[in-house]
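Worksheet: one structure, shown below.
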Amino acid sequence: MSIEIASEPKQSSLQESQYFTEKSAFYHFLKRTFDILGALLGLVLFSPIFLVIAFFIKLESKKGPVFFKQERVGKNGKVFNMYKFRSMVPDAEERLQELLKYNEISGAMFKIKNDPRLLKIGKFIRKTSLDEFPQLWNVIRGEMSLVGPRPPLPREVQQYTNYEKLRLKVIPGCTGLWQIRGRNGLNFHQMVELDLEYIKNRNFLFDLLIILKTFKVLVGSNGAY
């Protein structure tokens, strides 16, 4: 399944030539190899922590599953299931509509600091971004990369302009410039600009730098909620 990425030919081609240039086969090979090795290493090293998180999720919320999967939009509009540790009550999606009016981020995103749907353990794993670690499985499957733009929800993409759709030209990532330069302290427009900056300048060393800075951000847990 994929979402149609319609665009105006002249405007889109001009924008795409400015922000998007195809990288070499060697870059893609290097990036994919690093993704697989990094994801496998992460799953092995953090597996004891995963078991602890799973225990506390079930302890607090017995009815719901440990993992939460959600449809996200990847490269060229392809829809896939992204995995996270469940940080909210089982009926979180059903309660979303009543909370949309409290959205604290402008543009095609939804975030509120004190989301009433969050579990106690959910607040902690979100603060530390531990809820994101199951996405390493998405990386192994090739649906995501360790570094790239965050994959949006289908309902968000429906609100995208042609310019904003340019961020769907590459494989989405677990982390990126948005995460190391402000996270939820930035608005949607700023996130898009950072994603396009990454797309324009992406290379293997840039990816490594972003990963290293991501660990520094996670230790401080700044801008996460």
Rounded, prolate or oblate: which fits the stretch 31-134, taking a ≥ b ≥ c as square roots of the Cα gyration tensor eigenvalues, rounded meaning a/c under 1.5, else prolate when a/b beats b/c?
oblate
Can you work out ³J(HN,Hα) from phi for every residue in the stretch 49-57, in order, using Karplus 6.51 cos²θ - 1.76 cosθ + 1.60 and θ = phi - 60°, giving whole Hz and x for Gly and Pro?
5, 4, 5, 5, 4, 4, 4, 6, 5
If amide hydrogens are placed 1.01 Å from N in the peptide plane, which non-local residues have theirs closer than 5 Å to the one on residue 174?
145, 146, 147, 148
Cut-off under 17 Å on the C-alpha distance; same-chain residues fewer than 8 positions from residue 23 excluded. Which lysines are left, in chain and number order?
31, 75, 169, 200
Can you give the accessible area of residue 140 in Å² (nearest 10), computed on protein heavy atoms with a 1.4 Å probe?
40 Å²
Once ligands and nucleic acids are excluded and a 1.4 Å probe is used, how much of residue 32 is accessible, expressed in Å² to the nearest 10?
80 Å²
21 Å Cα-Cα reach of residue 111 towards lysines, excluding residues that sit fewer than 8 places from it in its own chain:
69, 84, 101, 120, 123, 127, 165
Just to verify a number: FRET efficiency for residue 27 and residue 55, C-beta to C-beta distance, R0 = 45 Å, to 0.05?
0.65
Which value, in Å² rounded to 10, gives the accessible area of residue 75 with a 1.4 Å probe and all protein chains present?
90 Å²
Expressed as a rounded percentage, what relative contact order does the stretch 32-170 have, with Cα pairs under 8 Å and six or more residues apart?
32 percent
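The values are calculated or read from the model by the stated rules, or taken from the named source; none is laboratory data. Everything numeric here is computed off the predicted structure, so don't read it as measured data. As a convention, Cβ positions derive from the backbone with ideal geometry for all residues, glycine included, and neighbour counts pool all protein chains shown. To get the accessible areas, we keep the full protein, side chains included, count just its heavy atoms, and leave off ligands, DNA and RNA. Shrake-Rupley method; radii C 1.70, N 1.55, O 1.52, S 1.80 Å.
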